[in-house]
Every structure is written in structure tokens, then in C-alpha cells.
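Data first, discussion second: the structure below is written as C-alpha cells.
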Amino acid sequence: MESQRGEHGYIRIMRLSHESAEERLKHVDDIVGESLSAQDREKILATLNDRGLINTRERLIIEVAVRHADELGRSEFDLSPYKRGVIQAEMLRRILWSLALA
């Protein structure tokens, strides 16, 4: 964005991103945590989508994959809610890492 300043030039405002890949991965670790509830998952994905960090298609693909893992943990493997939450968190973390590095 540029703004004229009378007769003495202008001001240019630029948005810069200095985040390294390591910083993006650390941020993913911070927001996902150890275990994940369905509500946490929905909030995280909604926030990432609202901020433009993932698009709607990516959000839907992630939701379907993580929800399916939760359903398998419940129906096929009879895992406790905590263990299912740990699996969901790890799955979401790895998907977001791959998107952050792309």
C-alpha cells in the first residue's frame, strides 16, 4: 500500500513474513497440543481457515480424515477417548506440518 505525503514523497507499507519452516512447525505443535477433542479440532481448523492458512477444501479433507480415525478408534479398536484424542492430535499435527512445509 502506498500513501502520498504532500510534496515530499510517500510512505510504503509492506507486510513481511519472516517465519522459517521451523517456526511454522513449532506454531503447529503449540496450537494442536497432546490430545484433541472434536471441539478443539473444529476450533483449530475454523481459525486456520478464517486466517487463510488453510483453504476450505483442505479443511474438509482434514476433518474427514481425522474424524474417520476417531470413528475407527471407537468402533474397531475400542480405544479410550483420551487415546483417540492423542491419535487425532498426532494426525492433525502431521497433516498441518506437511502443509506448512509445502
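A short reminder: the numbers here are calculations on the coordinates, not readings from a lab. Quick caveat: nothing in here was measured; it's all calculated off a predicted structure. All Cβ positions, even for glycine, are placed from backbone atoms using ideal geometry, and neighbour counts span all protein chains on display.
Points to keep in mind about this one:
- Gain on full stretching of the segment that runs from Leu25 to Ser37 - 0.36 nm per residue minus C-alpha separation: 2.2 nm
- For the stretch 20-101: rounded, prolate or oblate by the Cα gyration tensor [a/c cutoff 1.5]: prolate
- Distance between the pseudo-spin-label points of Ala69 and Asp50 (7 Å out from Cα toward the beta carbon): 2.4 nm.
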